[in-house]
Amino acid sequence: MKPIPYFRNDPVLVLVLGFITCGLYLIYWNIKMAKVINAVMEREVLSEPVAILSGCCGPLNLYYYYVAGQALPEIGRRIGNPHLEDKGVLLLILGFFFPMVSAMILQGHINEIYDRP
């Protein structure tokens with residue numbers, strides 16, 4: 001099992017910084033979160049160029065959250081929450097309308113990985 005890069009933020013901070021910077025913070029966040037998701041999945045599912053461009057391009061942003069939603073079952077397995085796999089569609093829909101909220105939700109679940117012993 002590969003070590004998971006440490007990228008812990010307060011989910012509300014992700015939301016606030018996303019709004020304050022008009023989404024620019026989310027480009028940085030996408031890059032860091034892609035590395036975490038790749039480590040959780042133990043393979044590259046989100047490349048760095050996709051993470052960068054998804055902050056600027058709506059359809060690619062939807063793809064980003066679609067892939068992140070596909071990682072939710074594995075994240076749920078690691079944190080002991082089997083019902084997390086049901087939230088993939090929610091992540092995708094919120095990623096379309098409110099990407100900052102979707103990022104906040106995903107950050108909250110990733111933070112739970114770091115809380116586990």
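Taken together, the values in this text are just the output of simple stated rules run on the coordinates, not laboratory data. Note that the structure is a prediction, hence the values are computed from the model and not measured. Counting neighbours? That spans all protein chains shown, and the Cβs are built from the backbone with ideal geometry, glycine included.
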Between helix 58-79 and the chain, what is the angle of the helix's C-alpha long axis to the longest principal axis, kept within 0 to 90° and rounded to the nearest 10?
20 degrees
To the nearest 20 debye, the chain has a Cα-centred charge dipole, built from +1 on Lys and Arg Cβ and -1 on Asp and Glu Cβ, of 160 debye
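Using a 10 Å cut-off on Cβ atoms, rank the peptides 28-37, 3-12 from the highest mean neighbour count down.
Numbers: 28-37: 20.9, 3-12: 13.1.
Listed from highest to lowest mean packing, they are 28-37, 3-12.
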So which GluC sites (Glu not before Pro) in the stretch 1-86 end up in coil per DSSP with only 14 or fewer other C-beta atoms within 10 Å?
GLU42, GLU44
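What is the extension gain from ASN111 to PHE98, computed as 0.36 nm multiplied by their sequence separation minus the C-alpha to C-alpha distance, in nm to one decimal?
Numbers: separation 13, 0.36 × 13 = 4.68 nm, distance 2.03 nm.
Extending this stretch completely gives an extra 2.6 nm.
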Measuring from the longest principal axis of the C-alpha atoms of the chain, the long axis of helix 88-97 (C-alpha) lies at a number of degrees, nearest 10, equal to 20 degrees
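Would you please give the FRET efficiency between ASN81 and ILE52, computed as 1/(1 + (r/R0)^6) with r the Cβ-Cβ distance and R0 = 30 Å, to the nearest 0.05? Let's see the in-between values first.
Working: r = 30 Å, r/R0 = 0.99.
Efficiency for this residue pair is about 0.50.
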Proxy exposure order for LEU62, LEU72 (fewest C-beta within 10 Å first) is LEU62, LEU72
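Would you work out the Kirkwood radius for the stretch 23-115? I mean one over the mean of 1/r across all pairs of different Cα atoms, in Å.
Working: mean 1/r = 0.0781 Å⁻¹.
Kirkwood hydrodynamic radius for the stretch 23-115: 12.8 Å.
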